[in-house]
Amino acid sequence: MKTTINIWIMLFFAFAIQAFVLGILFFLKRKGDRVANSIFGVFLLLFSYNQLFNCAYWSAYEGSYIEHMSFTNFIPWVSYGPLLYIYLKRVLKKSPFTWRDMRHAIPLVWVFFVFGSFYFLPIELKQQIDSTNTYAEYVNWWPIPRQYMVDVVTLLMLVYVVKIYFLYKKEKSRVTERQRIWIKSLWMCFTGYALVFFTYFMLANLRLMTPSNDYLIGYAMIFFIGIVSYFSFMQPNIFSGTLKIPFIKYQNNGLSSSIASEMKRRLISLMESDKLYLNSSLTLDVLSERLNLSRHHTSQLINEHFQVNFFEFVNNYRIDEAIKLLEDKKNKLNINEIIYAAGFNNRTSFYNAFRKKTGISPKSYRSQCA
């Protein structure tokens, strides 16, 4: 068969190279969870190889290395679901690996059990096997007959589609709304790929495959790579576990109600759990960075949901901290020490804020509590 290269194969090849570059970038990026990034890097490298394999198949390329690629497409096929599940489990639960996670490697072990001896045969013998169709002598089809291998792979993908969905549903409260967009995008892309994979081989089994739908899997793969590329190049903060989404729904040039509610909860957590207010150098810019919002939207969030400006918002927390210290009879700090312990960096701001909230001076308040 003559080798054929058309515009679609060239496009698929370009996206395969793009997936390869992305995979390397995920390995090299230092920000965020490096283990999670490495797992997703492996996923993308396998995706890249799978697309290159498809390009060789569609172009009917007959180079010597094509025999070395025989059956290697099963390796990425059975790895996609487990890798994506482990990656998202790491992102959602932030939990270390356990021995139980090793069970996700069973499909890959199965593939090497079936094809392992064939993979490492010399090229001359592989070519001979291809010409005589004597694969059965070197490939162990037990316990699944050859004609059902792809069916099992398809079922495996769909099982992981369901597993990822329930994992996300159970653990989504652990991450922010912005991270959920990234996770849901990955799940939907993988679900789409699995359904296209199922459709492709169903049409092939029913002998309904035509040249026009032979590229179905390729279309799904470039869409997947395109989505990952968008987040990677346009939203590089995914590497550090955060995400800035430009297509958030805005209303009157402000945050949507759902995003505002999420950011309000995040802001309260930063102040009450992380106690950012104790940092005397805390600024609106620093707080905006921690919230992953613009300075304008952070200010708007505080104004609309707490009815105060940034300085009043932070100082209220600092005064509450000072009051706790003043009320603590075991506390031996003097007023000046309490000022800095509560996050203030000068006496004037502290006294003005304290009197505004309590109506009396710190010394008088301590006397009343004595």
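Numbers below:
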| read-out | value |
| --- | --- |
| Cα long-axis angle, helix 177-205 against the chain (0 to 90 degrees, to the nearest 10) | 10 degrees |
| Table column - 3J(HN,Hα) (Hz), segment 84-100, Karplus curve with 6.51, -1.76, 1.60, x for Gly and Pro | 5, 5, 5, 4, 5, 4, 5, 5, 6, 9, 6, 9, x, 6, 10, 4, 5 |
| MRE, 222 nm, helices only [DSSP H, n ≥ 4, -39500 (n - 2.57), over the chain, to nearest 500] | -21500 deg cm²/dmol |
| Förster-model FRET efficiency, 25 Å R0, SER38 and SER256, C-beta, rounded to 0.05 | 0.15 |
| Charge tally in the Cβ shell below 14 Å around THR348, where Lys, Arg are +1 and Asp, Glu are -1, THR348 excluded | +4 |
| The chain: C-alpha pair distances exceeding 26 Å, % | 63 percent |
| Segment 43-202 - percent of accessible surface contributed by carbon and sulfur, probe 1.4 Å | 66 percent |
| Long-range amide H partners of LEU282 with built H, under 5 Å | none |
| For the chain, the longest site-free run once trypsin sites (Lys or Arg not before Pro) in DSSP loop states with at most 13 other Cβ atoms within 10 Å are removed | 95-206 |
| Rounded to 10°, Cα long-axis angle of helix 149-171 versus longest principal axis of the chain | 10 degrees |
| Karplus 3J(HN,Hα) series, Hz, for segment 301-310 with 6.51 cos²θ - 1.76 cosθ + 1.60 (x for Gly, Pro) | 4, 5, 4, 7, 9, 10, 6, 9, 8, 4 |
| Overall dimensions of segment 257-370 as given by Cα atoms, namely Rg and Dmax in Å | 15.1, 46 |
| 1.4 Å probe accessible area per residue over segment 283-370, in Å² | 58 Å² |
| Efficiency of FRET from Cβ geometry, SER185 and TYR57, R₀ 30 Å, rounded to 0.05 | 0.60 |
| Residues in segment 262-276 that a label on GLN300 would reach, taking backbone N under 16 Å of a point 7 Å out along Cα→Cβ | 262-264 |
| Two-site FRET efficiency, GLU289 against SER364, from Cβ-Cβ distance with R₀ of 41 Å, rounded to 0.05 | 0.60 |
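The values are calculated or read from the model by the stated rules, or taken from the named source; none is laboratory data. Every value quoted in this text rests on a predicted model; they were computed, and no experiment measured them. FYI the Cβ positions are ideal-geometry reconstructions off the backbone, even for glycines, and counts take in every protein chain you see. Keep in mind that these areas ignore ligands, DNA and RNA; they rest on the heavy atoms of the full protein, side chains included. Shrake-Rupley method; radii C 1.70, N 1.55, O 1.52, S 1.80 Å.
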